[in-house]
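Engineer: Please see the structure below; I have some questions.
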Amino acid sequence: MPNYETLRVIWWLILGVLLIGFAVTDGFDLGVCAIFRFVGRTDEERRALLESVEPVWEGNQVWFILGGGAAFAAWPLLYAASFSSLYLAMFLVLMGFILRPVGFAFRGKIANPQWRDACDRALLVAGVVPALLFGVAFGNLFIGIPFHFDSMMRPVYTGGFFNLLHPFALLCGVVSLSMLVMHGAGYAAFKVAGELGSRCAKVSRFAALVFVAAFAVAGIWIYASLDGQTITSHINGGGPSNPLLKSVALARGAWLDNFIMHPLLWSAPAGSIAAALLTNFLLRVGRHGAALVTSGVTQATTILTAGIGLFPFLLPSSTNPGDGLTIWDASSSAKTLFIMLIAVIIFLPLVLAYTAWVYRVLRGQISLDAIRQHVGFY
């Protein structure tokens, strides 16, 4: 069995893989829902955009469920502190996830323009709100969450929902929303034929440029204006899961320390910008399939950039930095991590294989002619 320190690093990587899997797959579902009401000029065009994601969105949410399960089982302190601190924000995300199946399932039940418009609005909210709040949540990690532990090791949140809407966090929300709109519109350009697909490609290209600008500004902000956190006491990677045993100091630009100490890691943020710009170029020359791949690379490298910057922190605290959670002091026992690792080794390849099979079966483009002939929910 790997030692405790190695298991903690492995599970940090697994959590990152699950987040990337969610962003790459369910991310384009959110992106399509965020734009379809504006890009689709007629009911048939909106139906075509929705049909591009309707068969796969439920399967894509498996990654979100796996991420929540991994946080609960591998990082119980993280699960407890984050859900109690970010309860209202997570409630809004879940409401968005609830509205999505409602919109998909009931949109075509009644052939009434007002009814369909109401369902379209619900799907719009289901796409925009989670995409925005995911970025806001990541932004708040760099600022620090206002929580601490009481004498009984219970997390106590001292802020409110509107405290989360810091300008930097909102900028990160723009990064997330533009990134997912780029991904969703690029997917729609790949899946939907004709003028509608070309229109989606233009939206994706514009979103890519917005992402690059917002991502660059966020990086400069972190360097010039944000106080990062760094552990000043001895780090025992195999020690007990007690976040109160460490000392943490604040320093301007400290969130970039890992990049400075290991210059090769700069390839992650550089890769995000390069992949987004390449996505824009590939869409301009009509290489929609390749653009979808580079858009997925953008999702992966962006999440990797955030993870590297925060490492080893999982949930920094702004109230008492020493109470912040790291991968070294917030995990389950070594035995629990090892047993779950075996489960991941067995079942994750099955999830990947099934996902690949589904997309292979559903390959091909959607045309408006096919939508007109289709009799079903839509």
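Engineer: Taking region 220-250 on its own, how many of its residues are open to solvent by less than 80 Å² (accessible area, probe 1.4 Å) and more than 24 Å from Ser332 (Cα to Cα)?
Structural biologist: The number of residues fulfilling the criteria is 8.
Engineer: Restricting attention to region 46-62, which residues are open to solvent by less than 20 Å² (accessible area, probe 1.4 Å) and more than 12 Å from Tyr359 (Cα to Cα)?
Structural biologist: Start the filter on region 46-62 by keeping residues that are open to solvent by less than 20 Å² (accessible area, probe 1.4 Å), which leaves 48-50, 52-53, 56-57, 60.
The answer is Ala48, Leu49, Leu50.
Engineer: Could you tell me which of the residues Phe91, Phe72 is without any contact (Cβ under 8 Å) to a residue 40 or more places away in the chain, surrounded by fewer than 16 Cβ atoms within 10 Å (Cβ to Cβ), closer than 18 Å to Leu132 by Cα and not hydroxyl-bearing (Ser, Thr, Tyr)? Break it down stepwise before answering.
Structural biologist: On the way: Phe72 fails: closer than 18 Å to Leu132 by Cα.
Exactly one of Phe91, Phe72 is without any contact (Cβ under 8 Å) to a residue 40 or more places away in the chain, surrounded by fewer than 16 Cβ atoms within 10 Å (Cβ to Cβ), closer than 18 Å to Leu132 by Cα and not hydroxyl-bearing (Ser, Thr, Tyr), namely Phe91.
Engineer: Right, something else. What do you reckon, is Ile339 among the β-branched types (Val, Ile, Thr), open to solvent by 60 Å² or more (accessible area, probe 1.4 Å) and farther than 16 Å from Leu18 by Cα? Please lay out each step first, then the result.
Structural biologist: Numbers: among the β-branched types (Val, Ile, Thr): yes; open to solvent by 60 Å² or more (accessible area, probe 1.4 Å): yes; farther than 16 Å from Leu18 by Cα: yes.
Yes, satisfied.
Engineer: Pairs please, first residue from region 148-164 and surrounded by 12 or more Cβ atoms within 10 Å (Cβ to Cβ), second anywhere and hydrophobic (A, V, I, L, M, F, W, C) and in a loop (DSSP other than H, G, I, E, B), Cβ atoms under 8 Å, 6+ apart in sequence or on different chains.
Structural biologist: Leu164/Leu86
One line per residue, one yes/no per condition, for (1) at pLDDT below 85; (2) among the hydroxyl-bearing types (Ser, Thr, Tyr); (3) under 23 Å from Gly309 (Cα atoms):
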residue: Ala81; (1), (2), (3): no, no, yes
residue: Ser84; (1), (2), (3): yes, yes, no
residue: Val93; (1), (2), (3): no, no, no
residue: Leu99; (1), (2), (3): no, no, no
residue: Phe134; (1), (2), (3): no, no, yes
residue: Gly144; (1), (2), (3): no, no, yes
residue: His148; (1), (2), (3): no, no, yes
residue: Met153; (1), (2), (3): yes, no, no
residue: Phe162; (1), (2), (3): yes, no, no
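Engineer: Could you check region 318-338 and list, in sequence order, the residues that are among the β-branched types (Val, Ile, Thr) and part of a helix (DSSP H, G or I)? Even if it seems obvious, please write down each step before you answer.
Structural biologist: Our first condition is that a residue be among the β-branched types (Val, Ile, Thr); within region 318-338, this holds for 319, 326-327, 336.
Correct list: Thr336 only.
Engineer: Please find, within region 165-174, the residue that is nearest to the chain's Cα centre (by Cα) out of those that are farther than 17 Å from Val93 by Cα and surrounded by 15 or more Cβ atoms within 10 Å (Cβ to Cβ). It would help to see each step written out before you state the result.
Structural biologist: Residues of region 165-174 that are farther than 17 Å from Val93 by Cα, as a first pass: 166-168, 171.
With surrounded by 15 or more Cβ atoms within 10 Å (Cβ to Cβ) added as a condition, the list becomes 166, 168, 171.
Details: His166: 19, Phe168: 17, Leu171: 15 Å.
Filtering region 165-174 for residues that are farther than 17 Å from Val93 by Cα and surrounded by 15 or more Cβ atoms within 10 Å (Cβ to Cβ), the one nearest to the chain's Cα centre (by Cα) comes out as Leu171.
Engineer: Another question, then. Pairs under 8 Å by beta carbon, first residue part of a loop (DSSP other than H, G, I, E, B) in region 225-242, partner exposed (fewer than 12 other Cβ atoms within 10 Å of the Cβ), six or more apart or different chains?
Structural biologist: Thr232/Ser247; Ser233/Ser247; Gly238/Asn3
The values are calculated or read from the model by the stated rules, or taken from the named source; none is laboratory data. As the structure is a prediction and not an experimental result, all values here were calculated from the model. When we count neighbours, we look across all protein chains shown, and the Cβ atoms used for this are built from the backbone with ideal geometry, even at glycine. For accessibility, only protein heavy atoms count, side chains too; no ligands or nucleic acids. Shrake-Rupley method; radii C 1.70, N 1.55, O 1.52, S 1.80 Å.
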